[in-house]
Amino acid sequence: MPRVYKCAFCGHNIAPGTGMIYVKNDGTIFRFCSRKCMVSMLKFKRDPRKLKWTTKYKKPT
């Protein structure tokens, strides 16, 4: 049975055979479901809790 991973940025499930893996020099592994998530985290350094399209979004109280 293939393992289902979660996206490091948005938290959505990644289907087997899809997505991207990014490995930092210190050995930390990030798995992303799309380029949109990868660029948002690595290039723009966005906070997923502030974006409505992520599952990690927290509604302001």
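The values are calculated or read from the model by the stated rules, or taken from the named source; none is laboratory data. Everything numeric here is computed off the predicted structure, so don't read it as measured data. Cβ coordinates were reconstructed from backbone atoms using ideal geometry, including for glycine residues, and neighbour counts include every protein chain displayed. The accessibility values were calculated without ligands, DNA or RNA, using every heavy atom of the protein model including side chains. Shrake-Rupley method; radii C 1.70, N 1.55, O 1.52, S 1.80 Å.
Key figures for this structure:
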quantity	calculated
Options PRO2, PRO16; residue that is assigned to a loop (DSSP other than H, G, I, E, B) and loosely packed, with under 10 Cβ neighbours inside 10 Å	PRO2
Residue selected from region 30-53 under the condition assigned to a loop (DSSP other than H, G, I, E, B) and under 9 Å from the mean Cα position of the chain (by Cα), by the criterion surrounded by the most Cβ atoms within 10 Å (Cβ to Cβ)	CYS33
Cβ-Cβ under 7 Å pairs, at least 6 apart or on other chains, region 42-61 side closer than 21 Å to ILE21 by Cα, far side part of a loop (DSSP other than H, G, I, E, B) and basic (Lys, Arg)	PRO48/LYS56
Matching option when the condition is assigned to a strand (DSSP E or B) and either surrounded by 13 or more Cβ atoms within 10 Å (Cβ to Cβ) or of a type in the set (A, V, I, L, M, F, W, C) (or both), among TYR57, TYR22	TYR22
Selection status of GLY27, small (Gly, Ala, Ser), open to solvent by less than 60 Å² (accessible area, probe 1.4 Å) and within 13 Å of the chain's Cα centre (by Cα)	no
